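Everything on this sheet refers to the single structure shown next.
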Amino acid sequence: MNYVKDFDVLLDRDNFSHNTKRVYVKSVEEFFKYHPNLSKENFNWDLVDEYKGHLSIRRKLKPSTINVKIAAITHFAQKIFHVKTHVIQVNNLKITNEKRRGCPESR
């Protein structure tokens with residue numbers, strides 16, 4: 001099964017822009033190169049976290065670039081592998097939009 005091709009078709013069907021589609025497909029291809037034996041059965045969010053560290057430490061990418069790549073991988077995982085969204089926790093506190101809106105720094 002060619003997961004990346006399926007993702008490409010899905011992005012077309014959902015009317016993603018050409019540029020977003022190109023970036024998302026490339027990001028997922030790179031993730032599969034980093035994890036060559038990845039499948040729906042062995043996917044887990046720890047692999048994404050590990051890859052995020054690789055992008056930051058080894059490849060020294062900017063946080064904004066990393067965020068785009070992780071967004072692509074997350075969208076892929078949700079739509080193709082049908083897994084639930086990854087929830088980021090900091091010090092065991094779930095980050096939500098409501099909490100961020102209430103922060104003085106965000107005003």
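Just so you know, all these numbers are worked out from the coordinates, no wet-lab data involved. Just so you know, these numbers come straight off a predicted model, no measurement behind them. When we count neighbours, we look across all protein chains shown, and the Cβ atoms used for this are built from the backbone with ideal geometry, even at glycine.
By the rule of a C-alpha distance below 18 Å, with chain neighbours fewer than 8 residues away ignored, the aspartates and glutamates paired with Lys60 are Glu30, Asp49, Glu50. The ranking of Lys84, Lys40 from fewest to most other beta carbons within 10 Å of each one's beta carbon is Lys84, Lys40.
Sort the following peptides by mean Cβ neighbour count (other Cβ atoms within 10 Å, averaged over residues), highest first: 73-82, 58-67, 4-13.
Details: 73-82: 17.1, 58-67: 11.4, 4-13: 14.7.
Ranking, from highest mean packing down: 73-82, 4-13, 58-67.
Calculate, in nm to one decimal, what Asp46 and Asn67 gain on full extension: separation in residues at 0.36 nm each, minus their alpha carbon distance. Gain in length upon complete extension: 6.0 nm.
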